[in-house]
Amino acid sequence: MSSAVAATKRAAAAVARVPPPMAMLAELTHRCPLACPYCSNPIALTPGEEELSTEEWIDVFRQAAALGVLHLHLSGGEPAARRDLVELTRAAVALGLYTNLITSGVGLTEARINDLTAAGLDHVQLSIQGVSAESADRIGGYKGGYQRKMAVANWVVGAGIPLTVNAVCHRQNMGEIDAMIALAIRLGARRVEIATVQFHGWAERNKAALLPTREQVEAATRTVAAAREKYQGTLVIDYVPADYYSQYPKACMGGWGRVGLNVTPSGRVLPCHAAETIPRLTFKTVRDGALSEIWYASDAFNAYRGEAWMPELCRSCERKHVDFGGCRCQAMALAGDASTTDPVCIRSPLRERLTRDTDQLTAMSSATLRYRGR
Ligand code: SF4
Ligand code: FES
């Protein structure tokens, strides 16, 4: 059998087994006015001149819709930094995609919100960094950001677009969770997402300042449980607990290459946000080939699909269909090997070391933040 025929057969077999993606995160740009120390974007950002053009993004959306994607998350950086945001949204809506704008709010005006509403935008996720101008602007590294966010929330709710408030919590604001939830209610949000910081990309440089303590995490879990009871029927509260204190890892991305994909500003197609930290993988861009071919047949997407790649510990474990062996990028960062069990798992031989390192790091405590460069 020729190698071309064998490759075609392998691709066809892969298509037969792999379901299409449901969601796509389009990182429209890495440009961003904020400078959050917890930024999970890569250390090396894509310069503006390398970003996909309007036509290229619309073609990616077209391919995604044809592939089976239902949810399109328009993200960044700050997606409002793209002058064509309204045009991109209109095109995505016309393709039948559910559009969710993930924004810091900076760069949005009332007129722009109205244009986005007219374009058919379905949902907005607005980030907050704190519950007062002082704390929020300190963490975001952008003076005036908090006031702008409050205004944007009003315009979004006034336009009838469902609003989710996103709050990344960490050592320096963990005590504000109650107030963040109350703020989300005041802003008219239907949902709040409280996500504990994860140490991908730039955030890794701020681990000592941002890693919450065990006591903070336990208090946060109690706060969220009480708030869920109090606001039942009024506000949906999603909570992403701190990885390093959990017993089991999260099912990162719902499993590698299972439900979603990311496209970077320059069109690189990734199975997850941090996949480029895995050195043995190479990633194609939408300029190299069709999205469907990348999803079904590329080596990077097939690298950690299914169970064949799993170490014996995961392969013989009853939770392998729950967490899929955890996060590959976390395994890479903590163990130096992306194909090992996520060290967060209590069954991992590396778990004890992780607990020791975590306790040491939080005992050292540092308040010095390294802001994301622009
Ligand atoms: Fe998940 Fe693997 Fe741990 Fe089992 S051994 S719980 S599959 S990470
Ligand atoms: Fe890459 Fe979790 S961030 S698999």
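The values are calculated or read from the model by the stated rules, or taken from the named source; none is laboratory data. From a predicted model like this one, the values you see are computed outputs, not experimental measurements. We place every Cβ from the backbone using ideal geometry, glycine too, and count neighbours over all the protein chains shown.
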Among the listed residues 331, 297, 363, which satisfies the condition of being modelled with pLDDT under 95 and either farther than 22 Å from residue 23 by Cβ or in contact with a helix residue (DSSP H, G or I) (Cβ under 7 Å, 6 or more places away or on another chain) (or both)? 363
Only one residue in 189, 209, 220 is at pLDDT below 95 and not in a strand (DSSP E or B). Which one? 209
Given the conditions (1) within 29 Å of residue 183 (Cβ to Cβ); (2) within 16 Å of ligand 1 (Cβ to nearest atom), every one holds for residue 247 apart from (1)
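Each row is one residue, and each column tells you yes or no for (1) closer than 21 Å to residue 273 by Cβ; (2) surrounded by 16 or more Cβ atoms within 10 Å (Cβ to Cβ); (3) hydrophobic (A, V, I, L, M, F, W, C); (4) within 15 Å of ligand 1 (Cβ to nearest atom).
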| residue | (1), (2), (3), (4) |
| --- | --- |
| 319 | no, no, no, yes |
| 323 | yes, yes, no, yes |
| 327 | yes, yes, yes, yes |
| 331 | yes, yes, yes, yes |
| 334 | yes, yes, yes, yes |
| 342 | yes, yes, no, yes |
| 353 | no, no, no, no |
| 360 | no, no, no, no |
Is it the case that some residue within the range 148-157 is aromatic (Phe, Trp, Tyr), closer than 23 Å to residue 182 by Cα and touching a strand residue (DSSP E or B) at 6+ places or on another chain (Cβ under 9 Å)? no
Being surrounded by fewer than 16 Cβ atoms within 10 Å (Cβ to Cβ), part of a helix (DSSP H, G or I) and touching a Ser or Thr at 6+ places or on another chain (Cβ under 7 Å) is the filter here, so list the residues in the range 291-317 that pass it. 313
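Taking helices (runs of 4 or more DSSP H) that do not extend beyond the range 93-165, which have at least 2 residues that are modelled with pLDDT of 95 or more? Full working, then the answer.
Working: elements: 110-119, 133-140, 145-158.
By residue number, 110-119, 145-158.
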Looking only at the range 198-219, filter to residues that are at negative phi and in contact with a Cys (Cβ under 7 Å, 6 or more places away or on another chain); which one of those is nearest to ligand 2 (Cβ to nearest atom)? 200
Residue satisfying condition, being at negative phi, surrounded by 22 or more Cβ atoms within 10 Å (Cβ to Cβ) and either within 16 Å of ligand 2 (Cβ to nearest atom) or without any contact (Cβ under 8 Å) to a residue 60 or more places away in the chain (or both), within set 263, 259: 263
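For every residue, the table says whether it meets (1) away from ligand 2 (no atom under 16 Å from the Cβ); (2) modelled with pLDDT of 90 or more; (3) assigned to a loop (DSSP other than H, G, I, E, B); (4) of a type in the set (Lys, Arg).
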{"residue": "340", "(1), (2), (3), (4)": "no, yes, yes, no"}
{"residue": "343", "(1), (2), (3), (4)": "no, yes, yes, no"}
{"residue": "349", "(1), (2), (3), (4)": "yes, yes, yes, no"}
{"residue": "354", "(1), (2), (3), (4)": "no, yes, no, no"}
Residue 240 passes all but one of (1) within 16 Å of ligand 1 (Cβ to nearest atom); (2) among the β-branched types (Val, Ile, Thr); (3) modelled with pLDDT under 95; which number fails? (1)
